[in-house]
1. Rounded to the nearest whole Å³, what is the per residue volume of the convex hull around the Cα atoms of the stretch 54-142?
2. So if R0 is 25 Å, what FRET efficiency would VAL49 and TYR153 give, r being the distance between their Cβ atoms, rounded to the nearest 0.05?
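Every number here is computed from the coordinates shown, using simple stated rules; none is lab data. These numbers come from a predicted model, not from an experiment. Every residue, glycine as well, gets a Cβ built from its backbone with ideal geometry; the counts of neighbours run over all protein chains shown.
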Amino acid sequence: EYNIFYKEWIRLLKDFIRTGQLPFYSWYKFLGSDFYSSANIFVTGDVFVPLLMLFRDVSKGLMVESILLIYISSFTFRYFLSSFGIKDNWNKALISIIYAFSGIAVLYYGNYMFHRFYAFMPLLFACVEDYLQRDKVLFFSIVVALLFITSIYFLFPTSLFLIIYFVFAYLRNGNAVNEYN
């Protein structure tokens with residue numbers, strides 16, 4: 001169902017490269033008052049569009065993107081588990097595979113806009129851990145920008161869950177620091 005939108009977005013990008021015309025062919029499209037632009041907002045944030053442009057058939061490119069997103073979600077969750085403090089490699093591998101193939105992930109396999117966000121989401125929580133443990137802010141800013149570009153749709157609920165997770169991580173890390181002192 002997203003093939004139409006991806007084909008249209010890739011055509012607009014190729015026209016921009018060839019002619020310099022901005023990737024909005026009408027004011028209706030620019031203002032979001034037609035069917036294509038209402039769904040294209042989810043396609044324009046796909047960081048994998050250059051990969052899709054390598055394929056003649058968008059369907060094959062989207063299949064490769066789905067497989068790549070399964071790997072990315074597994075690796076990003078593994079990174080989160082490392083940041084969280086889990087040291088056993090077997091547990092990290094098993095839990096990250098479960099995350100990549102969980103029920104909600106399976107629902108997102110056909111919805112690329114949601115699957116991209118789901119794949120990169122563990123980085124946000126890993127960044128909170130990195131901030132609280134090592135005072136790293138730059139990576140957090142980059143991940144928030146990536147998630148914002150990936151899906152504006154999920155940004156509001158993510159902001160709410162980020163507040164809850166930050167409080168949890170702060171209390172957990174604060175208690176762990178106090179135990180050592």
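1. On the way: hull volume 9.0 nm³, N = 89.
Taking only Cα atoms, the stretch 54-142 has a hull volume of 101 Å³ per residue.
2. With R0 = 25 Å, the Cβ-Cβ based efficiency is 0.90.
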